[in-house]
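Here's the structure, in structure tokens; my notes come after.
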Amino acid sequence: MRFWAAIVGLFFLAAAGLLQASALAAGNNRVALVIGNSKYVYAPALPNPAGDARLMAEVLRKAGFNVIEGVDLDYAGMRDRLNKFTEASYDADTALIYYAGHGMQVNGKNYLIPVDAELTAPAHLKTRTIQIDELLAALPPDPAVGIVILDACRDNPLARTLAASLPKSRSTTAPGLAPIDVSSADVGSGGVLIAFATDPGAVSYDGNGANSPYTVSLARHLAEPGVEIQSALTRVRGEVTAETDGRQRPWHNASLGREVFIGPQAPSPAAPAPQPSATETPAASTDARGWEIEQRVWDEASKRNTLAHYEAYLQQFPKGAFADLARLNIDQLKKSPVVVGNTPPVVADTESDASRSATAAAPAAAANPETDTGTELTESAIGLDRQEKIDLQERLLAIGYDLEADGDFGLKTRRAIGQWQEENKLPPTTFLTSKQYARLKLDTDDALKSSRAQRASEAEARKQESAAPQKTEKPQPVVRAKPRRDRQREAANPRPAPKSKAAGRKSGFRTCSGIDGTFEVPASQRCPLSGYAHY
């Protein structure tokens, strides 16, 4: 009996070794650079980045990465670690960079801040910071996979100090970091993925624990067995958004040529798993957790029976056990007519979950998709970019809701969405489904056109008013003051006021002058000519 127990033990040890080998097969040369800056000299210390970096370094080492680590690095230290990473990752299959600390954007360019950086002049951007473009340049070329994860979107007093010294044309445009475009033109079998702790231009939070909410969720899902990296980041986004009440929404931008697994890649759930014998102790299978998650996501999708839920399932499990069934249901839902207006919803089926899963392939009459409950998952599946978010906010503004069209779905926007849902007899969850989004756009088209036309008319009127020629008054002649010397002379010798000739003459008389002086004669007579001059 002991002999067979030993044989079984050896079998499981061999199986564990094979699983570990398969985990590293996708990238047997994997290198990571992990930096966390907390103790800043010219800015308040940050509570979490150093601990976040240590946590991520531990996760990546367990996943098979050669980790180059640094905590509270000055400019020389960051430059040194980046050079070591560039050399170590040159021939790597997968290269990952994680940074936590202060970062900033100037004119759409992103910069990481060492702990000794004092930014008081524009030239300091080049001499005292690390530009994120340098991180991208350090990643190995195709067919390697490059990954950059940035938890550097905190409120940054150094950015405000620098902004005061910059010309207006180069002032910082927003808090946080600017989006980074990942071009897919040159992607072969590798590619690049860039993940941010929150939306572009927004601020992330440190939280109340030893680690930031973003890094805690990242450590939980990034190396999860059988979970592809983009699916892991989708889960991180959902958890952090829920924990911060929508104030922080992580996002990522990728142009990958293949699926990337940081943790072990689990075998397909469809493959039959070996059954343990009675003498074996039940061991936790490496794919058990991944299968449980897939089953829960599929149960939710089949229960809701909407395009958004099926697409969300396929996004996380493109080769899952129910992938073909999900695609078939999506085709059936797209063929069904779109219901818009106040059509009474179809009563939901009350069959059990087991029978629903068995008959999900048939085009069953589900509840009206418009009245389905909106969630973070259904809204994420719509895939709204920043401009589409601004368009949606302008539509809500056009029909009278109080919010700001800034591309950030904050509390005011969520409140407006919930009020719109409630007024249209929809579940007021403040999150939209794809059908609700389509209905909102249809209902607000006319109001949006009128609002934009009114704004354009007002802008044109202001333009004409500013361009109209201003009526100029005729300039008055400038009266020059007399020189000071002339004014003093006149003050010392004032001139007598001239006598008016009209006042000096008497009515009906003429004034004449002669040797004896002046005398008057009647006006009808002339002054004597001899010895007299006529006045």
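The values are calculated or read from the model by the stated rules, or taken from the named source; none is laboratory data. Since this is a predicted model, take the numbers as computed values, not measurements. Glycine gets a Cβ as well: all are built from the backbone with ideal geometry, and neighbour counts include every protein chain shown. Only protein heavy atoms, including side chains, enter the accessible area calculation; ligands, DNA and RNA are left aside. Shrake-Rupley method; radii C 1.70, N 1.55, O 1.52, S 1.80 Å.
Brief remarks on what is shown
- In region 49-67, of all residues being out of contact with any Gly (no Cβ under 6 Å at 6 or more places or on another chain) and within 20 Å of Lys39 (Cβ to Cβ), the one that is surrounded by the most Cβ atoms within 10 Å (Cβ to Cβ) corresponds to Met56.
- Residues within region 59-83 that are in contact (Cβ under 8 Å) with a residue 40 or more places away in the chain and not hydroxyl-bearing (Ser, Thr, Tyr), tallied: 12
- Positions within region 509-532 being at pLDDT below 55 and open to solvent by less than 60 Å² (accessible area, probe 1.4 Å), in sequence order: Gly531
- Remark: pairs (first residue in region 124-146, touching a residue at least 12 places away in the same chain (Cβ under 8 Å) and of a type in the set (Phe, Trp, Tyr); second residue open to solvent by 50 Å² or more (accessible area, probe 1.4 Å) and part of a helix (DSSP H, G or I); Cβ separation under 7 Å; 6+ apart in sequence or on different chains) are absent.
- Any hit, region 386-405, residues being closer than 28 Å to Leu307 by Cα, in a loop (DSSP other than H, G, I, E, B), out of contact with any Asp or Glu (no Cβ under 9 Å at 6 or more places or on another chain) and open to solvent by 40 Å² or more (accessible area, probe 1.4 Å): no
- Members of region 422-448 found to be farther than 30 Å from Arg304 by Cα and at pLDDT below 85, listed by number: Asp446
- Any chance Ala159 is at pLDDT 90 or above and not in a loop (DSSP other than H, G, I, E, B): no
- Candidate set: region 115-136, residues that are of a type in the set (S, T, N, Q) and either over 27 Å from Ala95 (Cβ atoms) or part of a loop (DSSP other than H, G, I, E, B) (or both); chosen: the one modelled with the lowest pLDDT: Thr120
- Just one of the numbered conditions (1) modelled with pLDDT under 75; (2) within 30 Å of Ala398 (Cβ to Cβ) is not true of Lys506: (2).
- Filter result for Ala456 (modelled with pLDDT of 85 or more and open to solvent by 30 Å² or more (accessible area, probe 1.4 Å)): yes
- If you go through region 171-215 and pick out every residue that is crowded, with 20+ Cβ neighbours inside 10 Å, assigned to a loop (DSSP other than H, G, I, E, B) and at pLDDT 75 or above, you end up with 6.
- Total residues in region 416-442, condition farther than 23 Å from Arg452 by Cα, open to solvent by 60 Å² or more (accessible area, probe 1.4 Å) and assigned to a helix (DSSP H, G or I): 2
- Selection within region 443-453 - open to solvent by 70 Å² or more (accessible area, probe 1.4 Å) and closer than 29 Å to Thr198 by Cβ: none
- Scanning region 85-107 for residues that are in a strand (DSSP E or B) and within 22 Å of the chain's Cα centre (by Cα) returns Ile97, Tyr98, Tyr99, Ala100, Gly103, Met104, Gln105, Val106.
- Enumeration of residues in region 86-106 that are buried (at least 22 other Cβ atoms within 10 Å of the Cβ), hydrophobic (A, V, I, L, M, F, W, C) and under 24 Å from Val41 (Cβ atoms): Ile97, Ala100, Met104
- Output for region 216-249, where each listed residue is open to solvent by 10 Å² or more (accessible area, probe 1.4 Å), assigned to a helix (DSSP H, G or I) and within 20 Å of Ala381 (Cα to Cα): His221, Gln230, Leu233, Thr234, Arg235, Arg237, Gly238, Glu239, Ala242, Glu243
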